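J.: This structure is in structure tokens; I'll ask about it shortly.
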């Protein structure tokens, strides 16, 4: 059976020749991300800043979310998000807290904001419940989100360390940190909302990126045994070309799905799709130029074990 190939077979692209350019570009991306965090900051969502939510139900068929979004956007209440909740007649409205002080109870200004939202909805909608998320809870969510990302990266590092060797683990963590930092930097620069869905996207990006990196590292390890007379940069180039078609095919098919989510998923899934699209692109790039590129820094040596036969499967 013939397999679909986007990349021609037996490519010999000299990836490692562009290693320094790639690493400089990555360094600029990381420094730019940190600078953006310091100068602009993140447009954190209600999950992290605190606010209130109102669940409503339409009395006359499916809710018109677009009209509701326009009406509530004119109230100047700051960050307002809407999404269908369960069925098409139910909508969940999230509004950022109007109170500048940390509080776990609904303040007078928030109560006024809730009343304004309810009056804007009119008689076409029934208020089913109103809940408040305090700023303190938002701070706890920020902390837990940070620890979740750190724990995921740490677990991945331990896994790579045991499966390969410590140079591979260090290179993988450098690449993963690069992907996470630049994704957060993208949200800082663009001003898109950074919320719990974005954190979920970051964790997904880390998993996707390390999966791609492991495939390349597996081929590097095999080629270290197979090509004992070649230099390390030559072995790394061969390994990257061996896995290139698989890398591109996986990235393209994933991007097709994510672009569809971004176009048809609406405002609710837009930020998640943006994070994932950027993460797939930057993750593919980092697997080649960061993860494998930094392996050159380590004193890798061809393995002395018996020669590994060339795989029978095609790339």
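Read-outs throughout are calculated quantities, based only on the coordinates presented, and are distinct from any laboratory measurement. None of the values given here were measured: they were computed from a predicted structure. Glycine also receives a Cβ, built like all others from the backbone with ideal geometry; neighbour counts cover every protein chain displayed.
J.: Could I get the Rg over Rh figure for the stretch 148-198? Both from C-alpha atoms, Rh via Kirkwood, rounded to two places.
T.: 1.10
J.: I want to verify the translational diffusion coefficient of the stretch 186-304 in µm²/s; compute it with Stokes-Einstein, Rh as the Kirkwood radius over Cα pairs, at 10 °C and 1.306 mPa s.
T.: For these conditions, the coefficient is 101 µm²/s.
J.: Right, next: Quick one: the Cα spread of the stretch 210-262 along its three principal axes, in angstroms, biggest first?
T.: Taking the Cα atoms of the stretch 210-262, the three principal extents are 48, 15, 13 Å.
J.: Which FRET efficiency, nearest 0.05, do residue 67 and residue 218 yield, Cβ-Cβ r, R0 41 Å? Before the final figure, lay out the partial values.
T.: On the way: r = 53 Å, r/R0 = 1.29.
For R0 = 41 Å, the calculated efficiency reads 0.20.
J.: Give the calculated FRET efficiency between residue 57 and residue 264 to the nearest 0.05, with a Förster radius of 25 Å applied to their Cβ-Cβ distance.
T.: Numbers: r = 24 Å, r/R0 = 0.98.
Here the calculated transfer efficiency is 0.55.
J.: What FRET efficiency do you get for residue 27 and residue 140 if R0 is 30 Å and r is their Cβ-Cβ distance, rounded to the nearest 0.05?
T.: Values: r = 34 Å, r/R0 = 1.12.
Once rounded, the FRET efficiency stands at 0.35.
J.: Which percent of Cα pairs goes in each bin when the distances of the stretch 169-239 are cut into 10 angstrom slices starting at zero?
T.: P(r) for the stretch 169-239, in whole percents per bin: 18, 36, 24, 15, 6, 0.
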